[in-house]
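The block underneath contains the structure these notes are about, expressed in structure tokens.
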Amino acid sequence: MSATPGSARPPWTLTATELIGLLRSGDLSATELTQSLLERIEQVDRDVRAYITVTPERALARAAAVDRARAAGEDPGPLAGVPVAVKDIIATKGVRTTAGSRILDNYIPPYSATVAERLDAAGLPMLGKTNLDEFAMGSSTENSAWFPTRNPWDLGRVPGGSSGGSAAAVAAGEAVWSIGTDTGGSIRQPASLCGVVGLKPTYGLVSRSGLIAFASSLDQAGPFARSVADAALLLQVMAGRDPRDSTSLPNPVPDYSAHLDDGVEGLRVGVVSQLMGEGVQAGVRQRVQEAITLLGKLGAEVGEVSLPTFDAGIDVYYLIAPAEASANLARFDGVRYGLRVDGEDVAKMNSRTRAEGFGAEVKRRIMLGTYALSAGYYDAYYGKAQKARTLIIRDFARAYEDFDVLLSPTSPTTAFAIGEKTQDPLTMYLSDVCTVPTSLAGATAISIPCGVAPEDGLPVGLQLMGRALDEVTVLRAAHALEEELGPMPHPPLWGSPSE
Amino acid sequence: MSDAAPELLTTIGLEIHCELATATKMFCGCAVGFGGEPNTRVCQVCLGHPGTLPVPNERAVAYAIKIALALGCRIAPSSIFHRKNYFYPDMPKNYQISQYDIPLGLAGSLDVTTGAGTRAIGITRVHLEEDTGKSLHMGSGGRIHDADYSLEDFNRAGTPLVEIVTEPDMTSPDEGRTFAQELRSILEYLEVSDVRLEEGSMRFDANISVAPPGERGAKVEVKNLNSLRSLHRALAYEEVRQREVLAGGGTIDQSTRHWDEKSGVTRPLRTKEHAFDYRYFPEPDLVPIKPSPEWLEGITAGIPELPPARRRRFIADYGLTPYDAALLVATRAAGTFFEDAVAGAGNVEPKLVANWLANDLLGRLAERSEDLATTKVTPQNLGALVGLVAAGSISGNQGKVVLDEMIATGRPAAEIVDERGLRQVSGRSELEAVVGEVLAANADVVERIRAGDTKPQGFLVGQIMRATKGQANPAVVQELLRDLLQR
Amino acid sequence: MSISKEEVEHVARLARLALTEEEKVLYAEQLGRILGHAARVTSLDTEGVPPTAQAIELANVFRPDEPGKPAPSLTQEEALANAPAVEAGHFRVPRILEAED
């Protein structure tokens, strides 16, 4: 693979910010860049297994179009030519979209998600569709019907989930940046476990049209990237009102990159005491504490804050999300698309189709959600959970009177071994304890890598949470910290690319 | 049913579904329509593809509010959609987006007048929802029972529906049918639906129970009522059936029955619908509807004079009988046409205009598959025609001939009359000569009449009409005959 | 807390999921434990607290009554492209009413 001029580093190793400069100056073509990534995929994906579907022709065609436009003196857009990977829960017209499920094994959407359309309009060639926990239900990508994705830092460990493929692709150099979805932490947690940046936007900021729905009041698409600056650029393309989504916010979209370098002088940072306690792995707590100290050095006013409702967050989430999911997944019935297993009558056909098409975790959540909504139980479970959600939102509001951003580890642990937590669903659910509250509040949060844990050498992620629609502040704080922390090591699989 | 036990009371409630006459579906941009090739008015949203989201049709919401206001409902300051969850192959998402405990409109009422008097029927609620697709049952002559398999067409899926639920305030099949008729009229006036029962754009389900006064009978739901006639027949049948069961010492279970129009009976419906737990919860993909005062005012201003008020006004201002008023108020077009025709008729009794419109014009138009919207006859033209007849310028028979030409050509009455020389001859002196001639030519008939046999008088009149080419004024002819025969 | 096998069967019927006997036992146990855990929610004091169905505060979001907005219709071919069974332009399904026993 050709090296980039003036550097021994292959294109696939560079950040989007670096690549944009090279593309604009003509030192690198979009086609060369895309080629570099496709070759990287071929080289490592048999080990990492980040991708379900790779789309080389489509990607190269888009790249070629970008190159042609530039050659003709047109401006194809600031980010044009920087390839992206897309989580396979996002509909892409004409391209197989499975949501990680057997029930959509042969499904080809007749339309594209708004997010996918915006990426394409911005000139980002799509490399392929990445692996995920089935219907975004999981925290390890082990629930994919196809195969588990492996953490590029240690192929015997999980990349996190549900957007494990998107996170691993960026961590392994198989994509410059990627799109995932976050319902209870499914962008932030895998970002943390894979040592990359992952952002969950405010609910309603990014269109949900084309996101195969898991929990409608929680789902959001967001960026994975190698740096905070890159994440800000990708968010810029994705954000903004969509007439196809009634819950999409009409607020004007700010320039997410404009204030990255403003620093954190005087920024009030609240460390959430509930999330720094016993359940947190020692090395994780250590790295997070070091980062907190750095923030103080940079001029932030760091304090502690207690949000008692956070203790119930997981339980609230695991009542609300499955309830909404049980209705969202009812459409998979073998009638209009997807898998069909025959039956003597429609009800039997539906039941057998869903029994064969859905994996165990999905079935479990459908059952849980159906139960929580059923006659006699609604008030006690779903109804009660929605009220508890209000309490969590009020808790946040109170905290944000005294603080501008809140801080916690993203995940209580580093990446665990494949198969380690699959015996007991409850154990897996607890991975989400730090991320779920922000989802319930519909607010925004980012995970950035803050070193590796001394005991296992695996990435530690730090979460910065912000008020709804305050991505600018969250990004500014994250960027300042990222700069101060210095470069993260690369996973061993990165190798020492000299070519 | 007149000997039914007098101590049992009938209680009826209706549930009406009305397809709105919007251009597009409730939650997507597909066209609304009837008929056509299957699955040609569909998109990823109304097919329930994964990842799709609903966006409400603004006009559909306005129409629903209009209906609620017309029925005297209170409009909810903030109403939301709910998901109603159940599996059925005509349901693209296996949940229907509907409304549950916070509907658009609540607590209205509509008066119904039957032979038994006028009563106010409560409207419990008016809400918005989306329609399902259509199933075609194969291998059983179209019936769902014994079908081998079914075919699904989603053209109708997603069509905006307004559901209107009444209080169980009706007490007879007559009241039920009259209510349904009145409601249909109102919906037609509001121009929110084409209310074609035969096409399914207005559908009824009825609930009926029979019990001693003060007690609550078990509610029986009756489905498959595709016309006002079916509604009446089914309710009448069910009333008798329930009374007979109770009289025989049996009990009625809360159940659902299917009306079979051909055999004229209701049958139990064997699907387990009553076992459904719909698990309603607020629709997370949609935001609340909070109608502003300005929006409500605008919608209210667009509500025309409705049938009840128009009927009262026609009776009071035009002296019409309740029967005639009801006829002319049945459609909005008929009443408007009538008023314009009265204005164009000059100094003529409105009753005459009413008769010509209801008896003569409408019938002829129906024969030609036309209606008041498509006819070439203007209200002013009709009025002028009636004026001519009332003034005696032409006879009633001549008027009908003129009307035929008016319908065919749209030309004004006076023009046709003049062209054909149809002016009625009413002068006594002109007619005396002709009458005299006819009498002279039929002396034997005259003898018989003078002898007391009045029957052949008609023959003489006919002869006189022939001799005058139908232009003799019949009233004057009668007078002359009476005079001349007496001599 | 515990969920009975009958409750699991009832929920599976509502959700159109055919479960094996082993699955019924497994889910009864797992759901029981998850819901037991969720008792932390049921014990919160939510007196007078309104539910949050949506974290955003939008209202009155509509689309105009115009064809093709916000997205165009599909052709019949596109509509049927993913269908498991098609007949005469329709989606074909097995008989709707359960077989007589």
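The values are calculated or read from the model by the stated rules, or taken from the named source; none is laboratory data. These numbers were taken from a predicted model, which means no experiment stands behind them. Ideal geometry is used to build each Cβ from the backbone, glycine not excepted, and the neighbour counts take in all protein chains shown.
Pairs are defined by a Cβ separation below 7 Å, a sequence spacing of at least 6 or placement on different chains, a first member in segment A:247-268 that is within 14 Å of chain C (Cβ to nearest Cβ), and a second member that is of a type in the set (V, I, T) and part of a loop (DSSP other than H, G, I, E, B); the pairs so defined are A:T247/B:V287; A:T247/C:I56; A:L249/C:I56. On the stretch given as segment C:64-101, residues that are closer than 15 Å to A:A347 by Cα and within 7 Å of chain B (Cβ to nearest Cβ) total 6.
From the list C:L31, C:L17, pick out the single residue that is at the interface with another protein chain (Cβ under 7 Å from one of its Cβ atoms), within 23 Å of the chain's Cα centre (by Cα) and either exposed (fewer than 14 other Cβ atoms within 10 Å of the Cβ) or modelled with pLDDT of 95 or more (or both).
C:L17
Of all residue pairs spaced 6 or more apart or on separate chains, those with beta-carbon atoms under 7 Å, a first member in segment B:71-95 that is within 10 Å of another protein chain (Cβ to nearest Cβ) and closer than 18 Å to B:L47 by Cβ and a second member that is in a strand (DSSP E or B) and β-branched (V, I, T) are B:R83/B:I97; B:P89/C:V93. If you go through segment A:452-484 and pick out every residue that is in contact with a helix residue (DSSP H, G or I) (Cβ under 6 Å, 6 or more places away or on another chain), within 16 Å of A:D154 (Cβ to Cβ) and not β-branched (V, I, T), you end up with 4. Only a single criterion out of (1) of a type outside the set (D, E); (2) closer than 29 Å to A:D345 by Cβ; (3) modelled with pLDDT of 95 or more; (4) surrounded by fewer than 24 Cβ atoms within 10 Å (Cβ to Cβ) is not satisfied by B:N155, namely (4).
Taking the numbered list (1) under 30 Å from B:Q99 (Cα atoms); (2) in contact with a helix residue (DSSP H, G or I) (Cβ under 7 Å, 6 or more places away or on another chain); (3) away from chain A (no Cβ under 14 Å) in turn, B:D360 passes all entries but (1).
Within segment A:459-499, if we keep just the residues that are at pLDDT below 95 and in a helix (DSSP H, G or I), the residue that is surrounded by the fewest Cβ atoms within 10 Å (Cβ to Cβ) turns out to be A:P492. Of the residues making up segment C:34-54, those that are surrounded by fewer than 16 Cβ atoms within 10 Å (Cβ to Cβ) and either touching a residue at least 60 places away in the same chain (Cβ under 8 Å) or not in a loop (DSSP other than H, G, I, E, B) (or both) number 3.
The set of residues from segment A:192-223 being assigned to a strand (DSSP E or B) and more than 9 Å from chain B (Cβ to nearest Cβ) comprises A:V197, A:G198, A:L199, A:K200, A:V206, A:Q220, A:A221, A:G222, A:P223. Residue count for segment A:65-118 satisfying the condition of being under 24 Å from A:P11 (Cα atoms) and within 14 Å of another protein chain (Cβ to nearest Cβ): 3. Might you check whether a residue that is over 26 Å from A:G343 (Cα atoms), of a type in the set (G, A, S) and not in a strand (DSSP E or B) occurs anywhere in segment C:81-101? No, that holds for no residue.
Each residue in segment B:397-419 was checked for being surrounded by 14 or more Cβ atoms within 10 Å (Cβ to Cβ) and without any contact (Cβ under 8 Å) to a residue 60 or more places away in the chain, and 15 pass. Checked against (1) of a type in the set (V, I, T); (2) under 30 Å from A:L475 (Cα atoms); (3) within 14 Å of chain C (Cβ to nearest Cβ), A:V284 passes all but condition (3).
I'm checking my understanding of the structure. Among residues of segment B:281-304 that are without any contact (Cβ under 8 Å) to a residue 40 or more places away in the chain and either basic (K, R) or more than 14 Å from chain A (Cβ to nearest Cβ) (or both), which one is farthest from A:A215 (Cα to Cα)? Residue satisfying both the conditions and the ranking: B:A301. Filtered by the rule that a residue be of a type in the set (V, I, T) and touching a residue at least 24 places away in the same chain (Cβ under 8 Å), segment A:335-377 gives A:T353, A:V362, A:I366, A:T370. Consider A:L339 carefully, then state whether it is over 30 Å from A:P412 (Cα atoms), of a type outside the set (K, R) and surrounded by fewer than 24 Cβ atoms within 10 Å (Cβ to Cβ). Yes: the conditions hold for A:L339. Suppose the filter is assigned to a helix (DSSP H, G or I) and closer than 30 Å to B:V45 by Cβ; does A:R62 pass it? Spelling it out, A:R62 is indeed assigned to a helix (DSSP H, G or I) and closer than 30 Å to B:V45 by Cβ. Among the criteria (1) touching a residue at least 12 places away in the same chain (Cβ under 8 Å); (2) exposed (fewer than 15 other Cβ atoms within 10 Å of the Cβ); (3) within 23 Å of B:D317 (Cα to Cα), the one B:A373 does not fulfil is (3). Checked against the criterion of being within 14 Å of chain C (Cβ to nearest Cβ) and touching a residue at least 40 places away in the same chain (Cβ under 8 Å), the candidates A:A453, A:A477, A:A443 yield just one match: A:A443. Are any of the residues in segment B:195-203 closer than 20 Å to B:G122 by Cα, outside the structural domain of B:T336 (by TED's automatic domain parsing) and of a type outside the set (A, V, I, L, M, F, W, C)? Checked segment B:195-203: at least one residue is closer than 20 Å to B:G122 by Cα, outside the structural domain of B:T336 (by TED's automatic domain parsing) and of a type outside the set (A, V, I, L, M, F, W, C).
From A:G77, A:G21, A:G73, which residue is at positive phi, surrounded by fewer than 24 Cβ atoms within 10 Å (Cβ to Cβ), free of Cβ contacts under 8 Å to residues at least 12 places away in the same chain and not aliphatic (A, V, I, L, M)?
A:G73
Applying the set (1) part of a helix (DSSP H, G or I); (2) closer than 21 Å to C:V93 by Cβ to A:R287 leaves exactly one unmet item: (2).
Just checking: which of the strands (runs of 3 or more DSSP E) contained wholly in segment B:34-121 hold 2 or more residues that are of a type in the set (G, A, S) and surrounded by fewer than 22 Cβ atoms within 10 Å (Cβ to Cβ)?
In segment B:34-121, the matching strands (runs of 3 or more DSSP E) lie at B:105-114.
Considering segment B:114-147, and only residues there that are touching a strand residue (DSSP E or B) at 6+ places or on another chain (Cβ under 6 Å) and among the acidic types (D, E), the residue that is nearest to the other protein chains (Cβ to nearest Cβ) turns out to be B:E130. Against the test of being closer than 16 Å to A:V197 by Cα and over 19 Å from the mean Cα position of the chain (by Cα), the options A:P454, A:P489, A:P449 yield a single qualifying residue, A:P489. Selection of strands (runs of 3 or more DSSP E) fully inside segment B:179-282 by the criterion of at least 2 residues being of a type in the set (S, T, Y) and more than 30 Å from the chain's Cα centre (by Cα) returns nothing.
Of the conditions (1) at pLDDT 90 or above; (2) of a type in the set (G, A, S); (3) under 24 Å from A:A330 (Cβ atoms), B:A275 clears all except one; give me its number. B:A275 satisfies every listed condition except (1).
Within segment C:1-33, the set of residues being of a type in the set (A, V, I, L, M) and part of a loop (DSSP other than H, G, I, E, B) comprises C:M1, C:I3, C:A15, C:L17, C:A18, C:L19. Of the residues making up segment A:12-71, those that are within 25 Å of A:V228 (Cα to Cα) and of a type in the set (G, A, S) number 10.
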